[in-house]
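Inspection log for the structure reproduced underneath, given as structure tokens.
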Amino acid sequence: MALARFRTYEASPSEVVVRLPSGDGEGGTVAVRAVVDHRTHRAVGAYEVAEGGRTMRGLLAWDMAGMAVARPPRASTAVAPAAPARTAAQAVSRAAGLDAGQWARRGYRTAAPLDRSLRLVLAVAADRPDNARLLARSGPLWLRDERLDGHGYGVFAGPRPHPRSGGNAGPERPASDASGRSPLTYWIDADGNLRRIRARLAPGRETTVDFVAGRVKYGVPAAPWREAG
């Protein structure tokens with residue numbers, strides 16, 4: 001477990017999938033398929049919100065300071081609108097071609113589940129291994145062994161990750177359960193590679209981050225962070 005955050009940093013840029021309930025309370029879902037670069041603390045992805053029989057899609061970029069959503073393209077009768085990005089690779093390609101003025105930016109909202117989930121994605125990596133002795137004292141708990149996609153993982157309840165750099169934008173810590181168990185659960189293989197992390201945001205509300213590919217060729221484009229000319 002002491003290697004998990006460092007292995008995640010080494011594997012960057014990584015492809016991740018974030019899933020959480022939407023805010024409608026009627027079984028809606030939010031999914032973000034993204035590429036995250038833990039060296040620059042930046043990520044770009046395609047989001048999909050399904051609720052009330054409707055599905056909304058678009059592009060999303062975020063860093064330690066906040067998030068940005070790509071503005072819908074202007075309607076044109078001459079050019080047919082492109083289909084929304086559905087994969088991380090498509091999101092990166094589309095985001096690279098947008099001007100700075102095509103992004104609507106805002107800071108994080110403390111209580112917003114999506115905002116907390118995006119901050120969690122950036123907080124789970126570190127540029128060096130954790131101190132195993134200090135980690136052991138913080139109370140990680142082995143829960144079970146589990147298989148995902150044919151591979152074996154140890155499942156642990158563990159402490160909240162704290163980024164070593166880039167400010168103190170770590171995820172807000174939800175309340176522990178009655179047993180005092182950490183609100184974070186990790187799926188880690190025998191080599192210390194992090195495959196999944198799940199966070200309890202509130203009773204009955206969880207977000208899951210899956211690390212589905214590491215060292216992807218399509219890194220995070222700089223375009224969403226360029227200053228408007």
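All of the numbers you see were taken from the coordinates with simple rules; none came from a lab. All of these numbers come straight from a predicted model, not from anything done at the bench. Methodologically, a virtual Cβ is constructed for each residue, glycine included, from the backbone with ideal geometry; neighbour enumeration extends over all protein chains shown.
Structure notes:
- Relative packing of peptides 61-69, 146-154, 212-220 - highest average C-beta neighbours within 10 Å first: 61-69, 212-220, 146-154
- Amide H contacts under 5 Å for SER22, placed H, 5+ residues apart: GLY28, THR29, VAL30
- For LEU201, nonlocal amide neighbours, meaning residues 5 or more places apart or on other chains whose placed amide H falls under 5 Å from its own, are GLU206, THR207.
- By other beta-carbon atoms within 10 Å, ranking TRP187, TRP142, TRP225 with the fewest at the front produces TRP142, TRP225, TRP187.
- Close amide-amide hydrogen proximity is noted between ALA213 and GLU15, each under 5 Å apart and 5 or more residues distant or on a separate chain (H modeled in the peptide plane; Pro and chain starts excluded).
- Neighbour-count ranking [beta-carbon atoms within 10 angstrom, fewest first] of ILE197, ILE188: ILE188, ILE197
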